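Read the figures in this text as sums done on the coordinates, not as results from a lab. Owing to the predicted nature of the structure, the values given are computational and were not obtained by experimental measurement. Ideal geometry is used to build each Cβ from the backbone, glycine not excepted, and the neighbour counts take in all protein chains shown.
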Amino acid sequence: MDTAPPAASSLSAGDRPEAAPPALQSTRFLYLYALAAAGGAVAYVPFLTMLLPVRVSSLAGEEAVSVLAYTAFAGATAASLANIAFGWLSDLTGDRRPWIVAGLVLSCLLLVSVRTAASVPVLIAFIVAWQVCLNMMLAPLAAWAGDLVPDRQKGLLGGLLSFAPALGALSGALVTLPAVASADARLGLVAAMVVAMVLPALVFGAPRPMPQLMIPRKPEKAVDTGGRAARTAVARMWLARLLVQIAEAMLFAYLLLWFRSIEPGYSDNDTATLFFVVLGLGVPLALLTGRWSDRADRPIAPLAAGAGIAAIGLLLMALAPSLTLAITGYVAFGLASTVFLALHSGQTLRVLTRPQTRGRDLGLFNLTNTVPSLIMPWFALALVPTFGFAALFLLLAGLAALACILLLSISRRA
């Protein structure tokens with residue numbers, strides 16, 4: 001099995017300058033990597049959205065809502081710091097896979113052990129430790145793609161990464177079927193699925209070495225115009241993702257309540273079905289869009305279009321007088337944001353051009369996934385009680401439109 005060359009080491013004999021590096025990564029590795037990335041989503045989506053709330057309710061009773069909030073805050077903080085730390089450590093060691101394996105084993109063991117937590121403080125301690133170990137796997141796994149996937153395939157990579165949220169949602173539906181497993185056994189089932197999805201890339205992936213992606217680059221001087229342009233592109237990519245993620249997280253939390261404010265009989269199953277359909281339709285759309293961006297050499301254009309369409313969808317939702325138009329607006333937003341987030345993950349590797357700090361820098365980008373959960377409750381409390389959901393969606397439409405403008409301002413070659 002080929003290994004990713006160390007970020008700061010010289011090229012091996014097999015990678016002599018006179019031997020041209022392969023132009024493209026193998027499709028086998030790309031597909032197995034996408035499966036591993038989906039395994040990362042399966043590791044936390046069903047647990048955080050369904051299994052953990054049930055566990056908290058059984059321990060905390062009437063205090064479940066506040067306990068769940070504290071648990072989520074502690075877990076998100078631990079995840080943010082751990083993602084940066086383990087990404088940085090994998091940069092220093094020059095080999096991602098030992099960290100991925102260690103994080104996989106430890107996080108699965110802790111996940112299964114959650115059932116032994118007999119009190120709220122112990123449960124929160126388990127969650128914090130689990131988040132640390134999970135990000136020991138996730139951070140190097142994300143950086144591994146940057147080590148091995150060339151720019152010409154980053155659109156395809158982003159499209160393949162769209163499977164992750166869809167499979168995460170599907171795994172939650174499967175493990176919670178009454179006939180599948182008991183409450184405790186569900187944790188073991190999730191851990192088994194994660195192992196089955198992550199290991200194949202490590203054991204059978206056999207990626208082609210890409211030494212041209214591992215050449216260390218010296219920091220640009222402050223007077224270097226190209227260096228300033230690159231740093232500006234990174235900052236705009238980060239902020240654009242944060243703005244779209246705020247909108248996406250807000251709808252994930254409040255969509256059912258909004259639908260019921262329009263149609264009181266709208267059920268939670270209706271909402272769950274709509275979520276899954278939108279995620280499912282987003283997968284082929286992201287794949288097609290990603291392939292187009294590779295062939296046309298237009299990496300940023302689909303991101304700007306996705307943010308712009310998401311803004312239009314949110315505007316429709318703000319003005320929706322009926323459930324039909326409300327669902328139409330959400331479908332437009334959901335498809336656009338699904339494609340945006342998937343392709344953004346691939347193209348982020350394009351703008352983070354320093355392999356010696358790739359893992360750490362991706363950890364900083366990961367903050368765009370955790371910070372929204374700290375921001376969105378304040379938006380909702382400030383706007384919904386007084387002005388209704390329409391004002392909230394108008395604000396979110398403005399954020400998505402700003403993300404579109406930021407991306408349009410990035411050079412085509414960024």
By how many nm would the segment from Ala391 to Ala118 lengthen if fully extended, with 0.36 nm per residue of separation less the alpha-carbon distance?
94.0 nm
State, as an integer percentage, the relative contact order of the chain based on alpha-carbon contacts under 8 Å between residues 6 or more apart.
27
What order, most packed first, do the peptides 46-56, 332-342 have when packing is the mean number of other Cβ atoms within 10 Å of each residue?
332-342, 46-56
Selected from Phe204, Phe387, Phe86 as most flexible by GNM, with the chain as the system and alpha-carbon contacts under 10 Å:
Phe387
How high is the relative contact order of segment 142-266? Use alpha-carbon pairs under 8 Å, at least six apart in sequence, and give a whole percent.
26
May I ask you to compute the full-extension gain from Asn269 to Thr328, defined as 0.36 nm times their residue separation minus their alpha-carbon distance, rounded to one decimal in nm?
19.5 nm
Find how many whole Å separate the alpha carbon centroid of segment 42-82 from the alpha carbon centroid of segment 246-295.
22
Expected output is a single nm value to one decimal: the length gained when fully extending between Ala296 and Val101, i.e. 0.36 nm times separation in residues minus the C-alpha distance. What is it?
66.5 nm
With a/c under 1.5 counting as rounded, go ahead and sort the chain into rounded, prolate or oblate using the C-alpha gyration tensor (a ≥ b ≥ c being the square roots of the eigenvalues; past the cut-off, prolate if a/b is larger than b/c, else oblate).
oblate
Of Leu383, Leu242, Leu279, which is the most mobile in a GNM of the chain whose springs link Cα atoms less than 10 angstrom apart?
Leu383
Just to verify a number: FRET efficiency for Ser409 and Thr49, C-beta to C-beta distance, R0 = 30 Å, to 0.05?
0.25
Amide H of Glu263 versus every other amide H placed in the peptide plane: which residues, excluding those fewer than 5 positions away on the same chain, fall under 5 Å?
none
How high is the relative contact order of segment 225-408, given as a whole-number percent (alpha carbon pairs under 8 Å, six or more residues apart)?
40
Using a/c under 1.5 as the rounded threshold, could you call segment 135-265 rounded, prolate or oblate? The axes a ≥ b ≥ c are square roots of the C-alpha gyration tensor eigenvalues, and prolate needs a/b larger than b/c, oblate otherwise.
oblate
Descending semi-axes in whole angstrom, ellipsoid equivalent of segment 225-408, from the Cα gyration tensor
30, 18, 14
With a/c under 1.5 counting as rounded, go ahead and sort segment 248-344 into rounded, prolate or oblate using the C-alpha gyration tensor (a ≥ b ≥ c being the square roots of the eigenvalues; past the cut-off, prolate if a/b is larger than b/c, else oblate).
prolate
What spacing in nm lies between the two simple spin-label points modelled at Ala382 and Arg208, each 7 Å away from Cα in the Cβ direction?
5.0
Sorted by packing (mean other beta-carbon atoms within 10 Å per residue), highest first, where do 60-66, 320-326, 132-138, 282-288 land?
132-138, 282-288, 320-326, 60-66
Explain nothing, just compute: Karplus ³J(HN,Hα) = 6.51 cos²θ - 1.76 cosθ + 1.60, θ = phi - 60°, for every residue of segment 159-175 in order, whole Hz, x for Gly and Pro.
x, 5, 5, 5, 5, 4, x, 5, 5, x, 5, 5, 5, x, 5, 6, 6
Tell me the label-point distance for the pair Ala69, Ala196, using the 7 Å Cα-to-Cβ offset, in nm and rounded to one decimal.
3.9
Note, ³J(HN,Hα) from phi for segment 178-190, Karplus 6.51, -1.76, 1.60, rounded to Hz, x at Gly and Pro:
x, 8, 7, 7, 6, 4, 6, 5, 4, 4, x, 5, 4
Just to check I understand the Karplus step: with θ = phi - 60° and J = 6.51 cos²θ - 1.76 cosθ + 1.60, what whole-Hz values come out for segment 379-396, glycine and proline as x?
4, 5, 5, 6, 10, 5, x, 9, 10, x, 5, 4, 5, 5, 5, 5, 4, 5
Quick calc: nm separation of the 7 Å Cα→Cβ label points for Arg28 and Thr176 -> 3.8
